[in-house]
Amino acid sequence: MGNKPTIAISHLGCEKNRIDSEHMLGLLAEAGYSIDANEDLADYVIVNTCSFIQAAREESVKTLVELAESDKKIIIAGCMAQHFQEQLLQELPEAVAVVGTGDYHKIVDIVERVETGEKVKEISTDPTYIADERTPRYRTTTEGVAYLRVAEGCDYRCAFCIIPHLRGNQRSRTIESIVAEAEQLAEQGVQELILISQITTNYGLDIYGEPKLAELLRALGQVDIPWIRIHYAYPTGLTPKVIEAIKNTPNVIPYLDLPLQHSHPDILKAMNRPWQGRVNDGIIERIKEAIPEAILRTTFIVGFPGETDEHFNHLVEFVQRHEFDHVGVFTFSKEEETTAYKMPNQVPQDIMEERRDILMQVQQPISLKKNRACIGQVVDVLIEQENPQTGELVGRSGRFAPEVDGLVYVTGEAYLGSIIPVKITDADVYDLYGEILIET
């Protein structure tokens, strides 16, 4: 290893960003660099930033400033680097490099150049790269869980979203490539594989000429991983063929994250999602009919420009009517690169926050009812943590995705990373409580 510097990474943002972080760490480790989780002990800190909305940028800036104050040499990667480029190098003297969202695979060369004293800007104008099963990866999730990116980028142009500006158009991996990586992860003991992209239901459209999620799910059904979870299933892509694949592939969890964003056709049209307004009710009813045990999660934006009380009340009634298992609510964030930035009838921040709070209060009794329906059931739980003081185990059942949903608190003994049967004895709005069944 010689005198190669030690590198730490500060990961911010979504799980798609996390995969970029894991590939950068994997490439650096393969090249002989020491990786340290402790930023204080590292020579360089890579900050993989998020720039999706203003709040995410503020978190990224806070992290960068704190590291700069501790005299760390900083490599800024990810969406904020793609977004602001030269500004970051100019305004933060401690920044020695900026790395775009389509350039993280060049990280070893970037560090080598920085070591010679060069300030490096490595940012492709139109990101086209996507890592595959041959790209080294140093996983940062818990032992039993891995994210698997099936595609990168987005071809849609929603009025509120800058993702295409930051990550380019959709580019899918082949089914063979994805299955090969899934098999690698199975050999590492992964119990839950989470399929991600910006629009997972559009997977394959760019390379096969039509979406191929159903075929991908069936192929992954042959891989020895107990749980496969799909994130970001756009409603229009949940065709009968895809629903059938979810239903008939035993290791695919019937969990669907539907980023609906709103319910009212006027707002969906203003969001440049008019196609969705025609299918919201129908697709949800079709899913529930085809897969009665389906777990449905969605997210909504309140306060989009032009949203009236009538539009918001439509959304409240929609949430009450469909009784989603999990709901996330965000206030509209005004982003300069989007068409919504200049739209008339911007909603005041205090009204947006009030609407968010109302919608979350509407959802809470629904979530409680859904969780309490689990009491008395025996469910499989993936054990991920142990409280060293109490010995209590913490995990998730199939109805909970990592980071965004609840947890299952468990009494009994089990290995971390194992899936075990748990009898649910109690529930609250967000979490479940249970005891491990002793197998005889």
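Quick rundown of the values:
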{"read-out": "Residue among TYR138, TYR232 that is modelled with pLDDT under 95, among the aromatic types (Phe, Trp, Tyr) and within 30 Å of GLY32 (Cβ to Cβ)", "value": "TYR138"}
{"read-out": "Leading residue by the ranking (least open to solvent (accessible area, probe 1.4 Å)) among those in the range 429-440 that are more than 17 Å from ALA401 (Cα to Cα) and touching a residue at least 24 places away in the same chain (Cβ under 8 Å)", "value": "GLY434"}
{"read-out": "Filter pass, GLU386 being in contact with a strand residue (DSSP E or B) (Cβ under 7 Å, 6 or more places away or on another chain), open to solvent by 80 Å² or more (accessible area, probe 1.4 Å) and modelled with pLDDT under 95", "value": "yes"}
{"read-out": "Residue within the range 271-292 that is at pLDDT 90 or above, farther than 30 Å from LEU193 by Cα and not charged (D, E, K, R) present", "value": "yes"}
{"read-out": "Matching residues in the range 389-406 - criterion: being in contact (Cβ under 8 Å) with a residue 60 or more places away in the chain and open to solvent by 10 Å² or more (accessible area, probe 1.4 Å)", "value": "GLY398, ARG399, PRO402, GLU403, VAL404, ASP405"}
{"read-out": "Residues located in the range 407-428, provided they are free of Cβ contacts under 8 Å to residues at least 40 places away in the same chain and either surrounded by 15 or more Cβ atoms within 10 Å (Cβ to Cβ) or within 21 Å of the chain's Cα centre (by Cα) (or both)", "value": "LEU407, VAL408, TYR409, VAL410, GLY412, ALA414"}
{"read-out": "Members of the range 286-333 found to be of a type in the set (Val, Ile, Thr) and under 20 Å from the mean Cα position of the chain (by Cα), listed by number", "value": "ILE295, THR298, THR299, ILE301, VAL327, VAL329, THR331"}
{"read-out": "Residue in the range 131-147 that is farthest from the chain's Cα centre (by Cα), counting only those that are assigned to a loop (DSSP other than H, G, I, E, B) and among the β-branched types (Val, Ile, Thr)", "value": "THR135"}
{"read-out": "Matching residues, the range 99-118, being among the β-branched types (Val, Ile, Thr) and over 13 Å from TYR44 (Cα atoms)", "value": "VAL99, THR101, THR116"}
{"read-out": "Matching strands (runs of 3 or more DSSP E) fully within the range 166-272 where at least 3 residues are open to solvent by less than 20 Å² (accessible area, probe 1.4 Å), out of contact with any Cys (no Cβ under 8 Å at 6 or more places or on another chain) and over 24 Å from CYS50 (Cα atoms)", "value": "252-261"}
{"read-out": "Selection count where residues are farther than 15 Å from LEU193 by Cβ and open to solvent by less than 30 Å² (accessible area, probe 1.4 Å), scope the range 138-150", "value": "0"}
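The values are calculated or read from the model by the stated rules, or taken from the named source; none is laboratory data. Bear in mind that the values here come from a model prediction, so they are computed numbers and not experimental data. Ideal geometry is used to build each Cβ from the backbone, glycine not excepted, and the neighbour counts take in all protein chains shown. Protein only, heavy atoms only, side chains kept; ligands, DNA and RNA dropped before computing areas. Shrake-Rupley method; radii C 1.70, N 1.55, O 1.52, S 1.80 Å.
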